[in-house]
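First the structure, in the form of structure tokens, and then the observations on it.
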Amino acid sequence: MFRLLLFTFSLILLSFFISCDTNSNSSTGLKSTTPTLSPSPKITKGMELLDQCISAHGGMDNWNKFVGLSYEVESRGKSLYQITQLKDRRTYSKSKDFELGSDGKQIWVKPNADKVPGKSASFYYNLDFYFMAIPFVLKDPGVQVTYMGKATPDDQAYDLLKISYDTGVGLSAEDLYFLYLDTTTHQLKILTYTVSYFDKTNEKVNTAKKYLDYQSIQGIMMPTKLENYRWIDEKIGEYSNRDRVIKHIKFYETIPDEKVFE
């Protein structure tokens, strides 16, 4: 009888210690769990509007069908041909004065960089492509989208999106872009931006681009004219007479000759 009572008491003690150990582990597990933070309403709204904008421009699925995009840009009496590999962003440009490209590792120029407009060939080489490929390139990793409410830069109301970048994304992670979307069609109408390539602290917007004369190119809505204006106190300023007219836009499912990037 004594042995039976001792055995029963031992089982009770064992059950008690197992229960305590389980509760302790469970409690520890709960404490180590990090709660998932939901995005703010402005970020959620921004992402929704960006998706609506991309849909209005032809949709991400359609864009992803293609591996190349080429066009010709005319500005101030000069013409520039450019083709970009959409998946890895290798780029080739040609004008009567120079050839400029990126082979994925380095940026190269022929005959020399002095022929390239602006301060830097590294800054210039994909500038037109980025303007042409918005809003689709805003789905790249490391892009942050925030809804900034309604804005009236030219006495018409737009939905305003602010685009920023995670640290280390691209050559100018400090850049900011502001997209002004038609509130009905969600199409991109005005773009403003900062340039941090030459000054990481620069947050000043000086220029506004109006996206005009959209055409459907193989199912993608592409602007065929970009008008430049001064940007003063969050408003469209005077016309700067620096239009960019885009012609011969073409998407490729296979790039004819990838040696041009070398």
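The values are calculated or read from the model by the stated rules, or taken from the named source; none is laboratory data. Computed from a predicted structure; not experimentally measured. Heads up, the Cβs are rebuilt from the backbone with ideal geometry, glycines too, and the neighbour counts pull from every protein chain shown. Note: areas computed on protein heavy atoms with side chains; ligands, DNA, RNA excluded. Shrake-Rupley method; radii C 1.70, N 1.55, O 1.52, S 1.80 Å.
Tell me yes or no: at least one residue of segment 151-159 is open to solvent by 50 Å² or more (accessible area, probe 1.4 Å), among the charged types (D, E, K, R) and within 28 Å of residue 81 (Cα to Cα). No, there is no match, as no residue in segment 151-159 is open to solvent by 50 Å² or more (accessible area, probe 1.4 Å), among the charged types (D, E, K, R) and within 28 Å of residue 81 (Cα to Cα).
Residue pairs whose Cβ atoms lie under 8 Å apart, separated by 6 or more positions or on different chains, with the first residue in segment 99-113 and exposed (fewer than 12 other Cβ atoms within 10 Å of the Cβ) and the second assigned to a strand (DSSP E or B) and of a type outside the set (A, V, I, L, M, F, W, C), are 110/99. Of all residues in segment 73-89, those that are within 20 Å of residue 106 (Cα to Cα) have Cβ atoms under 6 Å from Cβ atoms of residues that are small (Gly, Ala, Ser) and buried (at least 20 other Cβ atoms within 10 Å of the Cβ), 6 or more apart or on another chain, in 82/93.
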